[in-house]
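Take a look at the structure set out below.
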Amino acid sequence: MSETKSKVFHAPTGDAAMETASAMARETFKYFWRELTWEYRRIVPGLELAAVKAAFGDDGGRPDDVEHMWAADVRFDGDRITATLLNQPNHVRSVKAGDRVTLPPGEIEDWMYVMRRKVYGGFTIQTMRKQMSASERRAHDSAGGFDFGEPDVVQLVPDWNAKEPGILGRHVGRKAPPGAADPDVE
């Protein structure tokens, strides 16, 4: 893990939009966990990233002296979430990137997973993206390399009715683009 400080995006404590986003993330955690349950059973991994976000602070610190950070390699036993911290804190000293952390589901502030470069979840991210200008959003999205979609929409699950090919179809069963001659027809 890098020892460089993470870029910080600040939202004031008590920000109603962020609190609503976190509440929605907690209410929809079951969609995240369902996808991870499937992922752990897959032979070929389908997710590029799966992470939860929570606030971390030092013992004896003020409630505002927390950092909101992401953790991956998520496990959930029905009672506690355990994950590996991805971010290097800027001020908090009780945790560091790479630490295993444990928290109750009620303490998560967000969740997200990425499949085929598309982000699902990310409630607090979308809340922050709504406040960005179009150029700031493009810079944010290109830095991560993921498709966050429109900032007013949080996708929970992929559209399984979409006509996207699966992993085998993308690599083996490629079809000619629309309008191209069918090679099987003379």
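General remarks:
- In the complete set of protein chains, residue-level accessible area for Lys118 is approximately 60 Å², probe 1.4 angstrom.
- Residues with amide H under 5 Å from that of Asp99, placed H, sequence gap 5 or more: Leu85
- For region 83-90, Karplus couplings with θ = phi - 60° (6.51, -1.76, 1.60), whole Hz, Gly/Pro x: 7, 9, 5, 8, 8, 8, x, 8
- Farthest positive-ward along region 23-93 dipole, Cα basis, beta-carbon charges - from Tyr40, Ala71, Phe56: Tyr40
- Surface per residue (accessible, 1.4 Å probe) for region 38-129, Å²: 49
The values are calculated or read from the model by the stated rules, or taken from the named source; none is laboratory data. The structure presented is a predicted model; accordingly, all values stated were derived computationally and were not measured. Note: ideal-geometry Cβ built from the backbone for every residue, glycine included; neighbour counts use all protein chains shown. Areas reflect the complete protein model, heavy atoms only, side chains present, ligands, DNA and RNA absent. Shrake-Rupley method; radii C 1.70, N 1.55, O 1.52, S 1.80 Å.
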